[in-house]
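Below is one structure; the comments refer to it alone.
The values are calculated or read from the model by the stated rules, or taken from the named source; none is laboratory data. Since this is a predicted model, take the numbers as computed values, not measurements. Note: ideal-geometry Cβ built from the backbone for every residue, glycine included; neighbour counts use all protein chains shown.
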Amino acid sequence: MAGRIPVDPRLTRLVRCKFRRPWLLRSPPVPLPMTGVNPRTLMGESWWDKRRREAYKANNWHCWACGVHVSGAAFHEWLEAHESYDIDYARGEMKLKEIVALCHCCHQFIHIARLHNRYQLGHITFEYAEAVVHHGYNVLRDAGMEVIYGGMLSAEEIINTAVQEYVDVIG
């Protein structure tokens, strides 16, 4: 499987997470005209593979947002590379900051509008979407960060509110 890092389960207790950056889950949405434009396409697969592997290794194969080790991640036991950008919506500028490594749930949470669309189209179950949303919510809450779509909302209401927040940011 592409992206899968073989890990000896006996060693996972010895490999420590170096850092956590839960604020990555509050990454701003990419402007619509830039959707589908990515470093992997522009710089090529070999450039991308080198950078994503560096990101996986930088935190000992732990998710940069929640800290879960690749061997304990929900849904998939691999990490996913995500581009982090500085975005100036007023000037229409977007600059790649870094490539980060995320577990599947954190990566899906960042792309919550896509998660919502996949749910609406019937490509994923409500239980899957709910698990992703609650994972991201808990990461932010445990870090003491504001979760603007928290409270007593259902997972579906959280997804819808997050999508509206996304729409409000990009216009």
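Quick notes on this structure:
- Search result, residues across segment 39-66 that are surrounded by 15 or more Cβ atoms within 10 Å (Cβ to Cβ), over 14 Å from the mean Cα position of the chain (by Cα) and assigned to a loop (DSSP other than H, G, I, E, B): N59, N60, W61
- Elements of type helices (runs of 4 or more DSSP H) in segment 69-171, at least 1 residues being modelled with pLDDT of 90 or more, within 26 Å of N59 (Cα to Cα) and over 14 Å from the mean Cα position of the chain (by Cα): 126-142
- Members of segment 1-35 found to be at pLDDT below 80, over 23 Å from D49 (Cα atoms) and hydrophobic (A, V, I, L, M, F, W, C), listed by number: L11, L14, L32
- Flag for H62 being out of contact with any Phe, Trp or Tyr (no Cβ under 9 Å at 6 or more places or on another chain) and in contact (Cβ under 8 Å) with a residue 12 or more places away in the chain: no
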